[in-house]
Amino acid sequence: MRLGVLDVGSNTVHLLVVDAHRGGHPTPMHDDRSVLRLAEHVGRDDVLSKEGEKALVKAVRRACDEAERQGCEELLALVTSAIREARNGLEVLDRVRERTGVDLQVTSGEEEARLTFLAVRRWFGWSAGRLLVLDIGGGSLELASGMDEDPDVALSLPLGAGRMTRRFLPQAITGGRPDLHALTELDEHAADLLKPAAKKLLADGPPDLVVATSKTFRTLARLTGAAPYSAGLRAPRHLTLDGLEQLAGFVSRIESAALAELQGVSPDRAHQVPAGAVVARAAMRALHVPSVRICPWALREGVILRRLDSLEEER
């Protein structure tokens, strides 16, 4: 069957269309994203602005029309941290449903971690042993560990690259250079939040394989020498802590406008690279991880796999 997943995140609205069946490899047929930066439409009062709501409705309508053109039999639509943390988030989703017919489901941070873990487990298989999975999004950092398809521990921390950029490095948003003192504060803040999380994740012993996923980790890996996107999904990609240490020092000394010109960096996310590098480094340090494997599958693939499993159960 042809399934569509509409993922409304803090940064983008992403539509993934696949042909899939239970027990088979989901085959991507269409991949489309638009920059929305929904989190930037949430003010200090934690209310999503009218402008943000209008932009969301427009983006959902456009994605829904595209899903119909692509022949999707079912559209699975979800929203993550930006909406779930807005005080008027549920009211906005009611109005989006009235105006577009799309019922966006709020996904908790823990559920994000579990769905991403499922996708990573299916990608690497049982031979990977005990998995530890890291995923930096725009609003949050998801972490999960375990031996099975459902992790023993699934956590979400408010350490997303976009969120940390807005809080600690606002000058980067306008193309400027990160403030070195603010970077140190961000590093200390991340370390404080990660310390108790690391204890939970490592309580059953060290993992056999540590995997990172998400656009942020893929960008960091590319900037430290990993294979480009053109090499294909199955090209092995790694990110080492040593490489990340060097990269963090580099990106802290140049303007985000210059970062946007580097190969492998999306211009719309260049300003988030310094914060993403600091959070990734803090996570790897806290978890005593010298290297991570990069997985091309993440939340959207996890949603698809979960849906296929449920269809089999219904039959």
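The values are calculated or read from the model by the stated rules, or taken from the named source; none is laboratory data. What you see is a predicted model; the values in this text were computed from it and never measured. Here the Cβ positions follow ideal geometry from the backbone for every residue, glycine too, while neighbour counts run over all protein chains shown. For accessibility, only protein heavy atoms count, side chains too; no ligands or nucleic acids. Shrake-Rupley method; radii C 1.70, N 1.55, O 1.52, S 1.80 Å.
For the reader, a short list of remarks on this structure follows.
- Flag for VAL279 being under 16 Å from ARG222 (Cβ atoms), crowded, with 19+ Cβ neighbours inside 10 Å and of a type in the set (Val, Ile, Thr): no
- Count - residues of segment 149-174 that are open to solvent by less than 50 Å² (accessible area, probe 1.4 Å) and either among the aliphatic types (A, V, I, L, M) or closer than 20 Å to LYS215 by Cα (or both): 13
- The requirement of being open to solvent by less than 60 Å² (accessible area, probe 1.4 Å), more than 22 Å from the chain's Cα centre (by Cα) and touching a residue at least 60 places away in the same chain (Cβ under 8 Å) is fulfilled nowhere in segment 105-115; no residue meets it.
- Residue match in segment 194-207 (condition: closer than 21 Å to ASN11 by Cα and open to solvent by less than 70 Å² (accessible area, probe 1.4 Å)): no
- Among the criteria (1) among the aliphatic types (A, V, I, L, M); (2) surrounded by 24 or more Cβ atoms within 10 Å (Cβ to Cβ); (3) more than 26 Å from ARG121 (Cβ to Cβ), the one ILE254 does not fulfil is (2).
- Complete set of residues in segment 119-145 that are over 18 Å from GLY205 (Cβ atoms) and surrounded by 24 or more Cβ atoms within 10 Å (Cβ to Cβ): ALA119, VAL120, ASP135, ILE136, GLY137, GLY138, GLY139, SER140, LEU141, GLU142
- In segment 134-173, the residues that are among the polar types (S, T, N, Q) and touching a His at 6+ places or on another chain (Cβ under 8 Å): THR165
- Per-region count, segment 1-23, residues open to solvent by 20 Å² or more (accessible area, probe 1.4 Å) and not basic (Lys, Arg): 4
- Helices (runs of 4 or more DSSP H) wholly inside segment 217-315 that include at least 1 residues being of a type in the set (Phe, Trp, Tyr) and over 20 Å from the mean Cα position of the chain (by Cα): 241-251
- Per-region count, segment 125-173, residues free of Cβ contacts under 8 Å to residues at least 12 places away in the same chain and among the polar types (S, T, N, Q): 2
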